[in-house]
Number of protein chains: 2
Amino acid sequence: MRSPQAFRNGDTPSPHHRNPTPHFHNTVTLRKLRRFNSLIFVFRVTAFTFSLASSVFMATNSRGSGSPRWFDFDAFRFVFAANSIVALYSLFEMGVSVWEISTGATLLPEILQVWFDFGHDQVFAYLLLSADSAGTALAKTLKGTDTCTASNSFCVQSDISVALGFAGFLFLGLSSLLSGFRVACFIINGSRFHL
Amino acid sequence: MRSPQAFRNGDTPSPHHRNPTPHFHNTVTLRKLRRFNSLIFVFRVTAFTFSLASSVFMATNSRGSGSPRWFDFDAFRFVFAANSIVALYSLFEMGVSVWEISTGATLLPEILQVWFDFGHDQVFAYLLLSADSAGTALAKTLKGTDTCTASNSFCVQSDISVALGFAGFLFLGLSSLLSGFRVACFIINGSRFHL
């Protein structure tokens, strides 16, 4: 059983790393760390699924030339863009998470990785919430107008897309709490592990 | 010079607390902690100012019976409510912050205080951003309609209110980073101080 501390800073595992270090963690601690990383991974997968679904729902929300199209509305374009960005980012972070669970090391150097994850989580969570709120306000305004009377399915599909975006935001926000905790661990202990 | 650790958990200062403790902090450390608390205080004051200004701007945005009134629009009501809540909360947190700077102890028991601050900062920051985004989307939609043609000053004042709300969000977000860091310190060290 190797210590996760041994493979910090993006090092590739090498035989001399297997020696016991002063930071040696026992099996229970290792299991806890693995659970922490798995939790992050689950949040990433869920955020990815929801935001991808949201952007697909929005992107397919056009019904021929006579009816309204989603890209004619600023707020809906914003919803689509934000969800696509978050889906791409979550996909990348899923890869990073799998890499960390399987090798025990971070993909980028550790200090870069923890700040990268936290910074992007925060910014993208706010971006996604902002887009979804704007989308909600627009969808609500449209409700009373001719747009929704003429093509009700357009409005329903927009609502679903925005709702999926909110679900994506929820899981991105949870990831951001965990990655924020890793940053704090790094600042206090000089390592992303709190144990 | 007394140690700030000595007055944790909402204790009232008593003479025996002045004995040196194992957690004794020197003057440099104390100065750093004071600077950290002062920074939080500055963020609180700024967030309070902006969100109060925003809600006042929104609440005074009615011009007689003929012209549009802010409370006829859902999103503007949301902007007003969110900004008022944040202004009240920031006022309370300013008091907490002054108390902590002057006595060195937290107002509530420490574990409650750090989680209260962080939880409310996070939730209210997202609430405020959500309200302001919804307000922006509505303000943008109104631009092209009769509402803004008939009463341009109504739209301008709404824009200003939303913009002030965004500024308030910025400073609340910064406070939330600092209070999140205190929670992490508390989880790792059993104290809100990282030094």
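The value for region A:87-154 of Rg(Cα) / (2.2 N^0.38 Å) is 1.76.
Only helical runs count toward this figure. For chain B, summing -39,500 (n - 2.57) over DSSP H runs of n ≥ 4 and dividing by all residues gives -26000 deg cm²/dmol at 222 nm. Within 10 Å of the Cβ of each residue in A:179-188, the mean number of Cβ atoms contributed by other protein chains is 5. Less than 5 angstrom separates the built amide H of A:Thr106 from those of A:Asn9, A:Gly10, all sequence-distant by 5 or more or on a different chain. Building the convex hull from the alpha-carbon atoms of the protein assembly as shown and averaging its projection over directions returns 23.1 nm². In chain A, the alpha-carbon atoms span a convex hull of 106 Å³ per residue. Placing pseudo-labels 7 Å out from each Cα toward the beta carbon at A:Thr49 and B:Val56 gives an inter-label distance of 4.9 nm. Taking a sphere under 12 Å around the Cβ of A:Ala75 and counting the other residues whose Cβ falls inside, with K and R at +1 and D and E at -1, yields a net charge of 0. Distances, shortest first, from the label point of B:Ile111 to those at the same position in the other copies read 3.4 nm; the point lies 7 Å along Cα to C-beta. A straight Cα-to-Cα reach below 16 Å connects A:Lys32 with the aspartates and glutamates A:Glu100, residues fewer than 8 places away in its own chain not being considered. Absence of a disulfide-compatible partner, taken as no other cysteine beta carbon within less than 4.7 angstrom, is noted in chain B for B:Cys185. Using a 7 Å projection from Cα along Cα-to-Cβ, the label point at B:Lys32 is separated from the same position in the remaining copies by 2.5 nm, smallest value first. Principal-axis analysis of the Cα atoms of chain A puts helix A:27-59 at an angle of about 20° to the longest axis. Karplus-based coupling profile of region A:100-117, in residue order and whole Hz: 5, 5, 7, 9, x, 10, 7, 5, 8, x, 4, 4, 5, 4, 5, 6, 4, 4, with θ = phi - 60° in 6.51 cos²θ - 1.76 cosθ + 1.60 and x standing for Gly or Pro. Converting phi to 3J(HN,Hα) with the Karplus coefficients 6.51, -1.76 and 1.60 and the offset θ = phi - 60°, region A:143-150 yields 3, x, 9, 5, 3, 7, 5, 6 Hz in sequence order, with x at every glycine or proline.
Where a ≥ b ≥ c are the square roots of the eigenvalues of the C-alpha gyration tensor, would you call region B:64-103 rounded, which needs a/c under 1.5, or, failing that, prolate if a/b is larger than b/c, or oblate? Prolate, since a/c reaches 1.5 and a/b exceeds b/c. Note on A:Val123 and A:Thr29: the extension gain reaches 30.7 nm, defined as 0.36 nm multiplied by sequence separation minus the Cα-Cα distance.
Placing one equal scatterer on every Cα of region B:130-195 and applying the Debye formula, the log10 ratio I(q)/I(0) at q = 0.14, 0.19 Å⁻¹ is -0.56, -0.74. Taking every residue in B:123-134 and counting other chain Cβ atoms within 10 Å of its Cβ, the average works out to 5.
Laboratory data are not the source of any read-out in this text; all were calculated from the coordinates shown. Given the structure is predicted, the values throughout are model-derived calculations rather than measurements. Using ideal geometry, Cβ is built from the backbone for each residue, glycine included, and neighbour counts are taken over all protein chains shown.
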